[in-house]
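What follows draws every value from the coordinates through simple rules; no lab data is involved. Everything quoted here is computed from the prediction, not taken from an experiment. So basically every Cβ, Gly included, is an ideal-geometry build from the backbone, and we count neighbours across all protein chains shown.
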């Protein structure tokens, strides 16, 4: 490894990535780690560029990804000729919460998935495309397992047991107390009140595709 490669590795190690998330005001979860890694891979893949420029490119890559989601919502609302108060009212959420989603990059990941789906429905947006989630069924990375047809709470319990996780351990991995995992497994619609960031962490911990946990289907393959 060259001195330059070593420098890039150190600059974009765990500590720098953590600082980048802090700079972007992002919570630490599987999705924000993924988009930060995306920016860091861009920077590390261009070792001949000055370090200062790489750092800025990394920052801009991540920021643009998050801002793009908010921009999609804003532009779609404007395209439909709706006011922000109209969308908020039809979605059943407060205007302040909706305004934050449109104007703060990354705010969507702190939003309950039920609210994301309501906003998408009002605006006629596809949830999977809005969040830029890759459909693993379309890409043939995985097959559509029969247990994906189970109610989400039953699927979560089944996968947790298969992975040898206790409700307490799963709670620790996702960021909740054990009691919330118990409720999640006992109440069919409990997951709808979870923020997107936590549902993504749950998806990562249990190996369940995100669209399945969101309760949405891909418009291309139907899964």
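Touching a residue at least 24 places away in the same chain (Cβ under 8 Å), at negative phi and part of a loop (DSSP other than H, G, I, E, B): is that true of residue 199 in this structure?
no
The set of residues in region 66-81 that are surrounded by 13 or more Cβ atoms within 10 Å (Cβ to Cβ) and free of Cβ contacts under 8 Å to residues at least 24 places away in the same chain contains only 71. Of all residues in region 155-182, how many are over 22 Å from the mean Cα position of the chain (by Cα) and assigned to a helix (DSSP H, G or I)? Of the residues in that region, 8 qualify. Between 185, 168, 178, the distinction of being more than 25 Å from residue 121 (Cβ to Cβ) and surrounded by 15 or more Cβ atoms within 10 Å (Cβ to Cβ) belongs to 185 only.
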